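Since the structure comes first, as structure tokens, the remarks are kept for the end.
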Amino acid sequence: MKKSNTLSFTDNLHRSGRIFTAVCLVLMCLVPVIYCLSAGVTPMWGSIGMAFSFILTYVAIGLIEAVSYAPILGVGGQYLSFLTGNISNLRLPCAINAQNIAKTKQGSEEQEIISTIAIAVSGIVTTIIIGIGIIPLAIWGADIVEVLKPVSPYVIPAIFGGLGLVLIARYLKLTAIPFAIMLVIALITFLLGKDLGQATMLSLGMGVSLISGFITYKIDRKKTEKAAK
Amino acid sequence: MPKDYVWMFVMGGVLSAFVITMSLVFLFKAIKRGKEIGLDSKKIKAAIKSSAVFSIVPSIPIVIGIGIMMNYLGLAIPWVRMTVIGALQYEIIAMDQIEITKAAIITEPMVATALTIMTISILSGPIFNLLFYKRLQNKLVDLEKNNKKLLDTITGSLLGGILAGLASYIIIAAFFTGNNTGGEELAAAANGYITLITLGISMVVMAICGALILKLKWKWLENYALPITILVAMGAAYALTFAPAFA
């Protein structure tokens, strides 16, 4: 393989990513404004104030996710995923799947390229399917949803059963302890009648796993240093 | 169903075109760079093909999500929301902050309020990317140069953490839900037993695919193992929803 110039490629992705993100943020903020102008109404500001704790929670989750996904998605994948959404249930599994097929090395430029391709293709396919999907919804209304609705909640277990096996095979040592801890946390919260929800459990899982991974890393390093002596 | 406005459909079209353009720009940049560094074109083609096939099945519930949300927000708003950033679980909780799903009559100010909450709450990730991500990425590049093992540990831990967080939630929630479906989160609308069976079937099918790839050297199956796994598991889940035992 030829020698790569990683810096200019990633800088290029950063530049495009930032431009697209800025434009997208403007477009996103325009959506409620255009709705209000079209309908001739204003939002109920009091109700927005009442939702302040929810907004704050999701702002925090968004920040945690942006930091946490950064080492996994790669530069192109990060910008694309945070604008197309559905990261944990679609973009990330899609990128991992493509990386496994291409057998890319962790942190390599090859992996960056394959992840970007996978997430870009995934974004295009989803947008097209949504675009096509709203046609029957417009014609038949929500009736058509009733036929397929029962299967919707099972997408995540369907993805993460198979993908979980792949991840466990690759990261068994790093996955076992956080999985056990998260099982206990989930069990306790459910016993207390509290459902933390997928987004919170995911962020919590990453936090627990990072701490556990760092401790494992320290122990391994000490062992290596001892062996070297 | 609340009224849809033409301009909202125009926004949906603009945002769809925007997402496709952005994805194409990144796709071509990545392919070009791949060619420059001598990345095997077969790997590039396999990544495109496998990602396209993989994305079809998980995209269908997003359309179903639009169908669920359209009862409360009309058709155009869910289309816009699910095209950019949105994820169904989040959108439903966000729009229900003003209890729109329980309202007898849904007024336009209610829709405007729900839409504003949904928009504000989800902007922090992209804003972080716009302002700070490059700096964070540069630190990660430095870490890779100075201590690759630590970066690999961080990456592996984060992936393991996603699996740990999601799998533990799915399993425990499923045990507590059992045959009682319902709840605010879409995950809670699932039958717990079907969730566990789906998870199990998905693991078994993936294991079979892995064995076929390794033992029979079916290389072609690598591209389709995960889409096949998802399809079989979801097909089984759909069939099980009709089983009297899980009614």
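Tell me, please, whether a residue that is acidic (Asp, Glu) and assigned to a loop (DSSP other than H, G, I, E, B) can be found in the range B:68-91. For the range B:68-91, residues acidic (Asp, Glu) and assigned to a loop (DSSP other than H, G, I, E, B): absent. The set of residues in the range B:93-112 that are under 25 Å from the mean Cα position of the chain (by Cα) and polar (S, T, N, Q) comprises B:Gln97, B:Thr101.
Contact map, the range A:123-143: residues that are under 21 Å from A:Asn86 (Cβ atoms) paired with residues that are among the charged types (D, E, K, R), Cβ distance under 8 Å, separation 6+ or inter-chain. Pairs shown: A:Gly123/A:Arg91. Here B:Leu39 fulfils each of the conditions (1) buried (at least 20 other Cβ atoms within 10 Å of the Cβ); (2) in a helix (DSSP H, G or I) apart from (2).
Looking at B:Leu88, B:Leu15, just one residue is at pLDDT below 90 and either more than 17 Å from A:Pro136 (Cα to Cα) or surrounded by fewer than 24 Cβ atoms within 10 Å (Cβ to Cβ) (or both), and that residue is B:Leu88.
Scanning the range B:123-144 for residues that are more than 7 Å from every other protein chain (Cβ to nearest Cβ) and within 17 Å of A:Asp11 (Cα to Cα) yields a total of 7. Within the set of pairs 6 or more residues apart or between chains, which connect a residue that is facing chain A (nearest Cβ under 7 Å) inside the range B:57-70 to a residue that is not in a helix (DSSP H, G or I) with Cβ atoms less than 7 Å apart? Here the result reads B:Ile62/A:Asn86; B:Gly67/A:Ala142; B:Met70/A:Ala142; B:Met70/B:Met1, each pair linking the range B:57-70 to a residue that is not in a helix (DSSP H, G or I).
Would you mind stating whether B:Gly74 is on the phi > 0 side of the Ramachandran plot, in contact with a Pro (Cβ under 6 Å, 6 or more places away or on another chain) and not aromatic (Phe, Trp, Tyr)? Lay out the reasoning, then the answer.
On the way: on the phi > 0 side of the Ramachandran plot: yes; in contact with a Pro (Cβ under 6 Å, 6 or more places away or on another chain): yes; not aromatic (Phe, Trp, Tyr): yes.
Criteria met by B:Gly74.
Could you please find all residues in the range B:11-34 being within 7 Å of another protein chain (Cβ to nearest Cβ) and not aliphatic (A, V, I, L, M)? If the condition is that a residue be within 7 Å of another protein chain (Cβ to nearest Cβ) and not aliphatic (A, V, I, L, M), then B:Ser16, B:Phe18, B:Ser23, B:Phe26, B:Lys29, B:Arg33, B:Gly34 are the ones that fit. Of all the listed residues (A:Leu187, A:Leu192, A:Leu167, A:Leu183), the sole one being modelled with pLDDT under 85 and either hydroxyl-bearing (Ser, Thr, Tyr) or on the phi < 0 side of the Ramachandran plot (or both) is A:Leu167.
Checking each residue in the range A:89-107 for being buried (at least 23 other Cβ atoms within 10 Å of the Cβ) and in contact (Cβ under 8 Å) with a residue 24 or more places away in the chain picks out A:Leu90, A:Arg91, A:Pro93, A:Cys94, A:Ala95, A:Asn97. Within the range A:191-209, the only residue that satisfies the criterion of being of a type in the set (A, V, I, L, M, F, W, C), surrounded by fewer than 20 Cβ atoms within 10 Å (Cβ to Cβ) and either under 29 Å from B:Ile60 (Cβ atoms) or in contact (Cβ under 8 Å) with a residue 12 or more places away in the chain (or both) is A:Leu196.
Residues in the range B:22-52 that are touching a Leu at 6+ places or on another chain (Cβ under 9 Å) and touching a residue at least 40 places away in the same chain (Cβ under 8 Å): 1 in all. Checked against (1) at pLDDT below 85; (2) over 29 Å from B:Val141 (Cα atoms), A:Gly107 passes all but condition (2).
The values are calculated or read from the model by the stated rules, or taken from the named source; none is laboratory data. Keep in mind that what you see is a predicted model, and the values were worked out from it rather than measured. Cβ atoms come from the backbone with ideal geometry, glycine included; neighbour counts cover every protein chain shown.
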